[in-house]
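Notes follow once the structure below has been shown.
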Amino acid sequence: MVTLQKQHYPPAIFLMGPTASGKTALSVQLANALGGEIISVDSALVFKGMDIGTAKPTLEERGDIPHHLLDILDPSESFSTGQFRTKALALMDAITRRGKIPILTGGTMLYFNALLKGLAVLPEANPAIRAKLDQDLEQFGKEALHKRLADIDPLAAARIHPNDPQRIQRAVEVYEISGKPLSSFFNTAQGENDLPFHKIKLIIAPSDRKVLHDIIAQRFRNMLEQGFLTEVEALYRRGDLSEKLPSIRAVGYRQAWAYLKDEDDLETMTEKAIIATRQLAKRQFTWLRRETDALSFQTGDADLLQKVLKAVRRSISQKV
């Protein structure tokens, strides 16, 4: 990437917020008003054939605005935080060279953190330790492994959901290899000042958490009416996918998968998916509280776009 003097850093907008807060619509409005292109910061939107349950913007919703990092992988594949960072930085550079403003929007806070704070250098995987952890997972279950993580690294355990065995295993593995908790490595990550952009951080969220809870519940029920279970069934019938994959572990898909395996009835599945999505929002809020230099706006504000545009233009003008 081109090295620039700080006073000439081009702008990049980071539009963050919990799930179902209205980021997608606002990002398109901003791109239209400012001449921008959108980079998705979402670990589920990268997968093809996963549209309804991820609330992936339709072609109509995208308008004429280029959207990047959508539909780039088959659900059988994985996409690491490092891969995201590499692709996002390349896209930001290319968009800027086209005279446009990169607008990074989504709810995967780990991806935002990788861009803004850099990546921690972690120990390489150890096959013997990984095999032992696979055995422990099979024998004792993911809850026991998560409890072990909580004992050795409470910060990582608070950040990693108990239903995410792959990340739990990696966190425990890092500790067993190095003797240091995973969370300690992030203190030595590359600093955000190395990102050659004038960073404009925006947060959009409802002022009342209960309002968001209601939106989440209604949105999932709307997804069911739109054919979400048919979408998941098509993935289920492929035969090469399982709930161990990052794609199927995505909120909503994990619960629908259990329903298709006859582990839950429809009502139970719906309730579990809504609860899981609300828990995701809670974790996102925890991350967002750390962004003390971000500008915050309220979901549903009648003058939302005007207020955001005014703040963005003021920030850009101050750096010119």
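Axis angle, to the nearest 10 degrees, between helix 23-34 and the longest C-alpha principal axis of the chain: 20 degrees. How about the range 254-307: which GluC sites (Glu not before Pro) there lie in a loop by DSSP and see at most 13 other Cβ atoms within 10 Å? Hits after loop and neighbour filter: E263. Between A131 and D214, the simple label model (points 7 Å from Cα in the Cβ direction) yields a spacing of 5.6 nm.
Each residue of the range 301-313 was assigned a 3J(HN,Hα) from its phi angle through the Karplus curve 6.51 cos²θ - 1.76 cosθ + 1.60 (θ = phi - 60°); the sequence is 4, 4, 9, 4, 4, 4, 5, 5, 4, 4, 5, 5, 5 Hz, with glycine and proline shown as x. For the range 220-234, the Karplus equation 6.51 cos²θ - 1.76 cosθ + 1.60, evaluated at θ = phi - 60°, returns couplings of 5, 5, 5, 4, 4, 5, 7, x, 4, 5, 5, 4, 5, 4, 5 Hz by residue, with Gly and Pro reported as x. Here the sum of -39500 (n - 2.57) over DSSP H runs of 4 or more residues, divided by the residues of the chain, equals -16000 deg cm²/dmol at 222 nm, to the nearest 500. Computing mean projected area of the Cα convex hull in nm² for the structure here picks out one of (1) 17.0; (2) 20.8; (3) 15.5, namely (1).
Rounded to 0.05, the FRET efficiency of the Y9 and D74 pair, given R0 = 45 Å and the Cβ-Cβ distance, is 0.80. Checking the Cα-Cα distances for K23/K307; K23/K272; K142/K210; K201/K310; K132/K244; K23/K282 against a 19 Å cut-off, the pairs over it are K23/K272; K142/K210.
Restricting the trypsin sites (Lys or Arg not before Pro) of the range 7-74 to loop positions (DSSP other than H, G, I, E, B) with no more than 14 neighbouring Cβ atoms within 10 Å leaves K48. Near the amide H of L295, within less than 5 Å, lie the amide hydrogens of K201, L202, I203, all on another chain or at least 5 residues away, with H placed in the peptide plane.
Any read-out appearing in this document is the output of simple, stated calculations on the displayed coordinates, not a laboratory observation. Keep in mind it's a predicted model, so treat the numbers as computed, not measured. Neighbour counts run over all protein chains shown; Cβ positions are idealised from the backbone, glycine included.
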